[in-house]
Each structure stands twice: as C-alpha cells, then as structure tokens.
Amino acid sequence: MIERIKKSPKLKWVIGVFGGLLALIFLFYGSIYFGLFGTIPSSKELSELKQNEATQILASNGNLIGKYYIFDRQPINYDQLPEHLINALVATEDARFFEHSGIDGRSLFRVFFKSILLQDKSSGGGSTLTLQLAKNLYGRKNYGYFGIVVNKLQESIIAQRLEDIYNKNEILLLYLNTVPFSDNTFGIESASMKFFDKHTRELSLEEAAVLVGMLKASHYFNPRIFPERSRLRRDVVLVQMEKYGYLTGEEMERAKQRDLVLDYHFYSHDQGLAPYFREQLRKDVTSILDTLKNKDGESFNIYRDGLIIHTSLDFEMQEYAEEAVQDHLNELQQTHEKSYGKNAPWEKDKEIILDAVKRTAVYKKLNKEGLSDAEILIKLDEEHREMELFNYKKEEVSKASTLDSIKHYLKFLNAGFLAVEPSTGAVKAWVGGVNYEYFKYDHVSQSKRQVGSTFKPIVYTAALESGIEPCSYFSVDEVTYEDGWTPSNSGSYGDDPFMNYNLKTALSQSINTIAVKVLLETGISNVINQAKKMGIESTLPKVPSIALGTAELSVNELAKAYTSYVNQGKSSNPYYINRIKDGEGNLLAEFKPEVAKTRAYSETTREIMIDIMQATVNEGTAQRLRSTYGLKNDIAGKTGTTQSNKDGWFVGILPKLVTVTWVGFDDHRIGFKNTAIGQGANSALPVFAHFMQKLNSDNTFDEITSAKFKAPSAEVLELMDCESKTRDGFFKRLFSNPDKKERVEKDESKKKKGFFKRLFGKKDKN
C-alpha cells in the first residue's frame with residue numbers, strides 16, 4: 001500500500017489533502033478545547049454550578065409577596081418533578097436521552113458540514129438535552145463566520161463534562177431549573193407559579209405539556225399571548241408522549257379534549273402585591289448586603305443569589321389595605337373631579353401644567369432643540385395617538401395627545417397608608433400610592449406633608465405633662481398674634497367667641513383656636529421636645545402654627561409617634577425586615593424591634609390621651625366611623641386637614657394596631673375644592689373604615705379587632721370628671737393673656753350684649 005502511494009502522485013495528493021483537513025479539524029477543535037475562542041468551564045467549575053436565582057420576599061406567614069431578579073429563576077429538587085413532566089420533556093425534546101452519552105454525533109457532524117459547506121443556516125437541530133443545558137448555562141457568543149460551529153463544539157465539550165459529573169436525573173433537574181420559558185421566566189418552578197399559580201409537583205399532565213411545548217419557541221408559544229397556538233403545541237407534546245409509549249391513545253385523546261386554563265401571576269416590580277413596599281425593601285436590603293460577604297469573600301447580589309427575605313408584612317392585611325385604598329379613592333376621585341367641573345386646575349392652571357410638562361423627557365428634548373415653552377405646548381398637543389391611560393377600575397385605551405396624558409395624571413388623588421404593630425413597630429401593611437406602575441412616588445417613606453390636626457395630640461400630651469389639667473378650660477375666641485396670624489375654627493365653634501371648652505372637648509372636636517392657646521401656655525419648646533421624645537426626628541418650626549399641624553412629617557414618623565399611646569408611652573420604630581437568608585437557608589442578617597427605652601410621658605397622660613381620642617371617634621370629628629361605617633371596635637383616633645384642603649389625614653388606634661392614612665395630591669398646589677370633600681374625616685378616614693370592615697369580617701384577625709383598651713385608673717377618671725369641677729381661673733383665662741400675645745380688640749357692643757347670660761347660662765357641651 002505504501003509503495004502504491006509512493007508511485008501514485010494523485011493518491012499521495014488526496015491523502016495529503018485529507019490529512020491536512022484532518023489536522024486542521026484537530027487543530028480547530030484543540031483551539032476551542034484549550035480556550036482560544038473563550039475559556040470553557042472546567043469539570044470543577046461545572047461540579048459547583050450556581051446559576052442566577054431570584055430572591056424571594058416572604059410575608060410573615062411565609063407566603064410569597066414577590067421577587068427580585070434579572071432572570072426569574074426558582075430552583076427545586078428532583079423529587080418535586082412529576083413523572084408526566086419528565087416524560088413530556090424527554091418525548092418532545094430528546095427521545096433517546098437515557099440512552100446516549102450526551103452528544104448525538106450524527107447531528108453534530110450534520111451541523112458542521114451543512115453550515116460550512118452548504119451555508120445552510122437552518123441546519124441546527126438534533127441537540128440533546130445535555131447540549132441544550134450547556135447552551136442554557138453559558139449562552140452563545142458571536143464568532144462570525146464559524147460562530148455556529150464554535151458554539152456547537154464548545155457545547156459538546158461542556159456536555160461531555162456534564163455527563164461525566166452528573167447522572168441523568170441530575171442533568172434533567174439542572175435543565176428544568178435553568179431552561180427559559182415565556183415572559184422572561186427561567187426554570188420550571190417559576191414558570192409553573194407564573195402561568196398556573198401552583199408548584200411544579202402539582203402540575204397536571206396538560207399543564208406540564210403546555211410548559212414543555214413553549215420550549216420550542218418561548219414567545220411564539222406563549223399561552224398568555226397566543227392561547228390557541230399554545231394549545232396546538234400542547235397537543236403535539238401529548239402526541240409525542242403517546243408515540244414513545246408514555247401515554248395510551250385513550251389518555252392522549254382525553255388530555256387533548258381539556259381546555260387550556262391559565263392562572264397567571266406576574267411577579268413584576270410594577271405589579272403584584274405591595275409594590276411600593278417591595279421597592280423600599282429592595283433599597284434597604286441592597287444597602288444591608290453591601291456590608292455582608294459570602295463564603296468566597298464576595299458581596300451578595302439581590303438579583304442573582306437566590307436570597308430569602310422574611311418580612312413582617314401580613315399578606316392578607318396587605319391585600320385588605322390595598323383594596324381599601326382602591327375602594328375609597330375610586331369613589332372620592334369621581335366626587336373630586338365633579339366638584340371642579342370645567343374649571344379644574346389640571347385643565348386651567350397654566351403654571352401647574354407647564355411645570356408638569358417640564359418634568360417630562362420629551363420637553364427636555366424639544367427644549368434642547370431650541371423650541372420655546374409655548375411652541376412645545378403646541379407641539380405636545382398636536383399629535384393624537386392611542387395610549388393606555390390609568391383609571392381605577394381598568395386601564396383605558398384612548399386617543400390622546402402627550403399634553404392630554406400629562407393633564408390626565410395631574411388630576412389624580414394619591415394616598416399613603418401604613419399599619420404597624422405598636423408593641424414592636426412591625427409593619428403589617430404598606431400602601432405607598434394608588435398604582436405603582438403609573439405613580440412611582442412612595443407617600444409612606446418618601447413624602448413629607450403638613451400633618452394638620454393629627455399633630456394636636458402631641459400638643460395636648462405636652463400640655464398634660466407640663467401640668468395643665470384635662471379639665472382646664474380655654475375660650476374659643478379668635479386671637480390675632482404678633483405676626484398678624486389669626487387662626488379660626490370651622491363648623492359651629494366660631495359662632496360664640498365667649499364659649500369655653502375643656503381639653504377633651506377641644507381636642508375631640510379639633511378646635512383650632514384652643515389648640516394654639518394650649519400650645520402657647522405649654523410653651524413651643526416644650527411641645528417640640530415632647531414630639532422628639534415620641535420619635536419625631538424632622539425639624540419642627542418654632543411657630544404657633546405647629547399647633548395646627550403646619551410641620552411636615554412622613555406617614556412613617558407619625559405612625560412611630562402614635563405607637564407610644566398603646567405601648568406604655570414608648571414609641572416603636574416601624575420596621576419590616578425580620579431575617580435575610582441565603583438560598584441554602586443560612587442566616588445572613590436578623591433584625592429586632594427598636595422600641596424606645598424610656599417613656600415619652602407618664603401613664604396618667606397616656607390614659608387621658610387615649611380617653612380623649614376615643615371621644616374623637618365616639619362623639620367628635622371621627623364619629624362617622626360609628627354612624628356611617630358601623631364599626632363597634634375599641635378605636636381611638638384623630639382626623640387632620642391642612643390649609644386650603646391640600647392634605648387629609650386620619651390616624652386610627654386600636655390596642656394592637658396603629659394605622660396612618662394620608663390622602664392628597666402629588667402636586668401640593670392642587671387641593672380639594674372644599675372642606676366637605678377634603679377634610680380628613682371624608683378623604684382619609686374612610687380608607688381606615690373600609691380596612692377595618694375587612695378585618696372585622698375575617699376571624700383570623702379577631703385578636704386585633706376584638707382587643708379592648710384598658711379601663712382608665714381611678715385617678716384618671718377623677719381627673720376627667722369635668723362636670724364636678726369648678727372653673728377656677730376661668731376669669732383669669734378669659735380676661736388675661738396667658739400666651740403673652742395681644743388679644744384681638746372686640747366690638748364693645750358684642751362684649752356687653754348677653755355676656756353674663758353666656759358666662760353663667762351655658763355649660764360645657766361635653
């Protein structure tokens with residue numbers, strides 16, 4: 001043979017060419033194997049596989065609230081895979097999976113020769129599950145002309161190493177935990193939860209076939225978008241299962257007759273339960289993780305390390321809170337829009353509209369191009385196109401201009417709601433706004449607004465601590481102070497300027513003129529110091545108007561202060577992270593309640609304040625909780641309304657739950673049309689009322705809803721018995737100036753006419 005080759009130049013040339021090609025193939029393969037086209041993971045690296053895993057957020061009862069992820073992946077164990085799921089996968093994607101060693105040689109060479117020699121870009125196909133796993137784990141890179149060949153050979157090397165390290169069941173598990181499904185979902189467990197709201201182990205035959213079917217083309221066979229297409233693909237999977245003996249013909253036909261039914265749950269950043277809470281949690285946990293290191297000395301990543309965050313949030317309570325906000329705000333929004341009619345500020349106020357326009361990206365772009373504000377407004381109102389606009393009941397698709405859209409969102413009321421456990425500060429419900437997808441600003445943690453009359457209990461607490469007795473009387477008359485400010489009252493409490501009231505009536509009826517007098521007699525500094533003792537950290541202005549709540553506080557801060565009234569005078573700092581664990585269950589961080597070590601005021605003061613705020617609910621400004629909403633719980637509370645009806649507040653206190661509700665506008669220049677609509681009793685209180693009605697109807701919360709306030713001590717009962725007390729010092733208060741400010745000059749005829757009749761003929765209404 002050798003002699004023949006020597007004598008035949010042609011044969012020698014053929015063998016030389018063949019040998020050269022073979023050498024090139026080996027060199028090419030070797031270059032890939034040894035990493036010339038990129039490092040291939042070693043057997044050691046493959047044995048320590050750890051893919052990006054979604055971080056889970058759990059409620060206090062362990063329910064899944066949401067996730068943080070780049071790829072939505074949630075690994076499970078092999079024993080959680082139902083047999084019909086494995087059969088469907090093997091029958092459809094790799095019928096000889098349990099027979100081959102991970103590589104189908106014929107397919108590999110077909111791809112090689114067709115791609116290079118015949119330039120057939122559609123040649124692919126024939127990949128085994130192990131090869132697909134290699135692709136899922138490490139993806140593909142663009143290597144130009146030889147790209148598909150390089151990628152296929154890299155995957156074949158990885159596949160061989162995987163087969164050497166893992167058994168077939170382990171490879172199946174790795175595949176199902178990493179394979180991409182529709183809607184940016186990775187792994188069978190996440191897909192199962194997203195499309196059917198059940199764990200993988202609970203999947204029916206047809207549901208398993210739907211998920212396996214979408215692997216061929218995850219978007220094309222997305223059952224949410226293309227249900228009929230997905231159903232046809234499901235039936236193909238069932239046919240394959242029958243073909244390879246996993247189903248009988250009868251079982252296949254029966255399964256094909258069943259409808260495709262989804263129970264879709266989208267765990268996105270914008271949608272789902274508690275989106276405002278989840279966004280604040282993300283910020284806090286990211287900061288915490290920056291201080292921690294994993295076993296390799298690297299920082300944890302909230303998006304890829306599969307962490308588990310245990311929170312204090314109560315899943316059902318959060319649902320009820322979100323429903324309560326939606327129920328009331330939907331109704332209030334309609335009343336609000338109707339009250340303004342055609343003269344609404346979001347339609348007529350050019351300054352407010354232009355400011356809103358200036359915050360948009362399109363304005364900044366047009367402004368850079370040299371257009372004036374007037375030209376930009378015209379341009380934004382020219383083109384009308386179909387767009388999805390937020391509405392409480394459902395999103396509307398309307399033909400509108402960009403300017404129409406800006407005005408549309410200016411008109412909406414917004415809300416903040418927080419419910420905390422007063423003994424610990426544990427947050428049970430958090431609603432930062434009406435819809436996170438459209439209104440990103442969180443009115444629980446980010447917003448500070450004037451708190452109105454919800455600040456008055458702090459003033460009265462300071463007054464009691466300074467020695468003013470609950471049966472001290474103050475006249476309701478208006479006084480003009482040095483800066484020309486004259487606080488007035490709403491309702492009937494300005495009708496008789498010579499009438500006087502004790503602290504209980506003054507606070508429960510929220511009488512402004514008396515609140516300022518109580519503040520000044522107590523001392524502004526004393527009131528500010530009292531607020532600090534109760535957990536208020538914001539800077540408070542040293543002006544008389546803080547008695548009426550001109551200080552700007554967050555919902556969080558106000559809740560903290562009010563927890564002291566049902567926690568032995570000690571404020572509890574709202575917190576919501578209990579524990580953070582890694583994917584293996586190891587504890588990374590744990591957090592405990594932060595409760596003030598010392599009392600902010602005496603037990604006597606605490607009991608008096610609870611009694612007064614119960615009177616607010618039973619007969620004062622919050623009495624519609626009883627009359628309109630029929631709540632019979634033990635409730636104390638305080639309403640609040642700010643200047644020009646810009647903000648409405650309500651704080652509801654139960655022995656084991658403190659809630660704060662704010663309702664208003666993102667743009668503080670817009671207010672309610674009138675006090676009847678905008679007062680806290682009408683704008684904010686109903687959110688709490690709806691929330692309580694839902695809690696009352698769920699016996700899970702009996703411990704909270706049935707809790708009773710402790711009866712006041714004998715000492716407090718005596719102090720609060722104002723009817724039996726004399727009015728010592730009344731004349732001094734009536735004619736003197738205890739706040740050291742100048743009293744308004746009264747009309748002499750008004751002073752004399754019927755004065756003694758008013759003085760001796762009327763009794764305190766309380």
Seminar exercise, completed: Just one listed residue, out of Gly245, Gly297, Gly272, is in a loop (DSSP other than H, G, I, E, B), closer than 29 Å to Phe701 by Cβ and of a type outside the set (Lys, Arg), and it is Gly272
For this session: Looking for whichever is within 16 Å of Gly425 (Cβ to Cβ), out of contact with any Pro (no Cβ under 8 Å at 6 or more places or on another chain) and acidic (Asp, Glu) here; the options are Glu603, Glu584, Glu594. Which one fits?
Result: Glu594
Exercise. Which condition does Asn330 not pass, out of (1) more than 30 Å from Tyr629 (Cα to Cα); (2) open to solvent by less than 50 Å² (accessible area, probe 1.4 Å); (3) part of a helix (DSSP H, G or I), if it passes all the others?
Worked result: (1)
Exercise. Since Gly671 meets every condition but one in (1) in contact with a helix residue (DSSP H, G or I) (Cβ under 8 Å, 6 or more places away or on another chain); (2) of a type in the set (Gly, Ala, Ser); (3) open to solvent by 10 Å² or more (accessible area, probe 1.4 Å), which condition does it not meet?
Worked result: (3)
For this session: Hey, can you tell me all the residues within segment 447-465 that are outside any helix (DSSP H, G or I) and either free of Cβ contacts under 8 Å to residues at least 60 places away in the same chain or β-branched (Val, Ile, Thr) (or both)?
Result: Val451
Problem set entry | Options Ala551, Ala561: the member that is open to solvent by less than 20 Å² (accessible area, probe 1.4 Å) and under 30 Å from Asp702 (Cβ atoms) | Ala561
Exercise. Quick one: how many residues across segment 568-586 are modelled with pLDDT of 95 or more and touching a strand residue (DSSP E or B) at 6+ places or on another chain (Cβ under 7 Å)?
Worked result: 11
Problem set entry | Extreme residue, nearest to Ile511 (Cα to Cα), among residues of segment 647-663 that are surrounded by fewer than 24 Cβ atoms within 10 Å (Cβ to Cβ) and of a type outside the set (A, V, I, L, M, F, W, C) | Pro655
For this session: Consider Glu382 carefully, then state whether it is open to solvent by 80 Å² or more (accessible area, probe 1.4 Å) and part of a helix (DSSP H, G or I).
Result: no
For this session: Please tell me if Lys295 is surrounded by fewer than 20 Cβ atoms within 10 Å (Cβ to Cβ), more than 27 Å from Lys411 (Cβ to Cβ), of a type in the set (Lys, Arg) and out of contact with any Ser or Thr (no Cβ under 9 Å at 6 or more places or on another chain).
Result: yes
Problem set entry | Hits in segment 395-440 - residues which are aliphatic (A, V, I, L, M) and either open to solvent by 40 Å² or more (accessible area, probe 1.4 Å) or assigned to a loop (DSSP other than H, G, I, E, B) (or both) | Val397, Val434
Problem set entry | Failed item in (1) modelled with pLDDT of 80 or more; (2) open to solvent by 20 Å² or more (accessible area, probe 1.4 Å), with Ile65 passing the rest | (2)
Seminar exercise, completed: Flagged pairs (Cβ under 8 angstrom, 6 or more apart or on separate chains; first in segment 407-429, modelled with pLDDT of 95 or more and among the charged types (D, E, K, R); second in a loop (DSSP other than H, G, I, E, B) and open to solvent by less than 10 Å² (accessible area, probe 1.4 Å)) are Glu421/Ser312; Lys428/Ser312; Lys428/Leu313
Seminar exercise, completed: Residue hits (segment 165-199; surrounded by 21 or more Cβ atoms within 10 Å (Cβ to Cβ), within 29 Å of His100 (Cβ to Cβ) and under 27 Å from the mean Cα position of the chain (by Cα)) are Phe181, Ser182, Thr185, Phe186, Gly187, Ile188, Glu189, Ser190, Ala191, Ser192
For this session: Restricting attention to segment 638-647, report how many residues are out of contact with any Asp or Glu (no Cβ under 9 Å at 6 or more places or on another chain), in contact (Cβ under 8 Å) with a residue 40 or more places away in the chain and either outside any loop (DSSP other than H, G, I, E, B) or not basic (Lys, Arg) (or both).
Result: 5
Problem set entry | The listed residue being of a type in the set (Gly, Ala, Ser), over 30 Å from Gln280 (Cβ atoms) and open to solvent by 10 Å² or more (accessible area, probe 1.4 Å), out of Ser508, Ser525 | Ser525
Exercise. Within segment 674-697, can you find the residues that are at pLDDT 95 or above and exposed (fewer than 15 other Cβ atoms within 10 Å of the Cβ)?
Worked result: Ser697
Seminar exercise, completed: Over segment 613-646, the set of residues charged (D, E, K, R), open to solvent by 10 Å² or more (accessible area, probe 1.4 Å) and within 21 Å of Leu558 (Cα to Cα) is Asp634, Lys646
Exercise. Filtering segment 208-241 down to residues that are open to solvent by 70 Å² or more (accessible area, probe 1.4 Å) and either over 20 Å from Phe186 (Cβ atoms) or assigned to a helix (DSSP H, G or I) (or both), which residue is modelled with the lowest pLDDT?
Worked result: Lys216
Problem set entry | Restricting segment 575-605 to residues that are polar (S, T, N, Q) and either in a loop (DSSP other than H, G, I, E, B) or open to solvent by 60 Å² or more (accessible area, probe 1.4 Å) (or both), the residue that is farthest from Leu464 (Cα to Cα) | Asn586
For this session: Name every residue in segment 68-101 that is over 18 Å from Leu174 (Cβ atoms), in contact (Cβ under 8 Å) with a residue 60 or more places away in the chain and surrounded by fewer than 19 Cβ atoms within 10 Å (Cβ to Cβ), in order of residue number.
Result: Ile70, Ala95
Exercise. Are any residues in segment 252-301 more than 25 Å from Lys581 (Cα to Cα) and at pLDDT below 90, and if so, which ones?
Worked result: Tyr264
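The values are calculated or read from the model by the stated rules, or taken from the named source; none is laboratory data. Everything numeric here is computed off the predicted structure, so don't read it as measured data. Neighbour counts are summed over all protein chains in view; Cβ atoms, including those assigned to glycine, are modelled from backbone coordinates with ideal geometry. Keep in mind that these areas ignore ligands, DNA and RNA; they rest on the heavy atoms of the full protein, side chains included. Shrake-Rupley method; radii C 1.70, N 1.55, O 1.52, S 1.80 Å.
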